[in-house]
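In what follows, a single structure is set out as structure tokens and then discussed.
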Amino acid sequence: MGAITRAESYYNPPPPMPSDAWDHEPPSMRVVRWYEMRAQRRLPVTDAVLLGQPLYAQINHGRWVANCSCMSAQIVTPADPRMWCVECHTGWWQVVFPADVDAVEQQLLDLPVSSLPTWMPSSSSSSTSRYGTPRTTCAGRPG
């Protein structure tokens with residue numbers, strides 16, 4: 001299995017645009033451009049930042065994702081830890097990643113190839129790892 005997918009490697013310009021057309025955009029803004037291309041409409045992106053209301057990144061099916069309060073989700077990245085929800089347009093959410101992203105990713109990449117890596121922040125101090133609890137799923141059942 002390869003690396004865990006992040007926003008900068010997932011949200012790319014569609015053909016016939018050049019592959020480097022969005023290189024000047026920060027990764028969190030690339031999702032907006034990607035959505036605009038598919039929805040065929042512009043989004044009202046502002047500079048508004050939601051203070052004191054962070055979203056927590058998790059790994060789901062090999063991708064770093066964050067879930068908005070409106071129940072939408074998108075792929076995020078620790079290189080630009082914020083998210084503009086393309087569904088509800090609430091503002092820029094701050095996304096919290098684990099302190100050692102590389103260690104979390106490596107812990108999941110060490111799992112068997114047949115598993116779908118998932119990682120969620122620990123909800124208590126009694127977790128199996130200081131980085132959170134890795135989970136694997138197979139055919140839709142908890143592993």
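Working from label points 7 Å from Cα in the Cα-to-Cβ sense, the Ala3 to Arg42 distance is 3.3 nm. Length gained on full extension, Leu111 to His24, computed as 0.36 nm times the residue gap minus the Cα-Cα distance: 27.8 nm. The C-alpha atoms of the range 62-110 occupy a region whose extents along the principal axes are 36, 17, 13 Å, arranged from largest to smallest. Count Lys and Arg as plus one, Asp and Glu as minus one, and take only other residues whose Cβ is under 13 Å from that of Cys68; the net charge is then 0.
How large is the dipole of the range 1-54 about the Cα centre if only Lys and Arg carry +1 and Asp and Glu carry -1, each at its Cβ, rounded to the nearest 20 debye?
Working: 6 positive and 6 negative charges, 50 e Å.
The calculated dipole for the range 1-54 is roughly 240 debye.
Among the protein heavy atoms of the range 26-73, carbon and sulfur supply 55% of the accessible surface, probe 1.4 Å, non-protein parts ignored.
In plain terms, if you count all Cα to Cα distances in the range 1-122 and split them into 5 Å steps from zero, the share in each step is 2, 11, 20, 22, 19, 14, 8, 3, 0 percent.
The values are calculated or read from the model by the stated rules, or taken from the named source; none is laboratory data. Here the structure is a predicted model, which means the values were calculated and not measured. Positions of Cβ are generated from backbone atoms using ideal geometry, with glycine treated the same way; all protein chains shown enter the neighbour counts. Accessible surface is based on the protein model in full, side chains and every heavy atom, while ligands, DNA and RNA are left aside. Shrake-Rupley method; radii C 1.70, N 1.55, O 1.52, S 1.80 Å.
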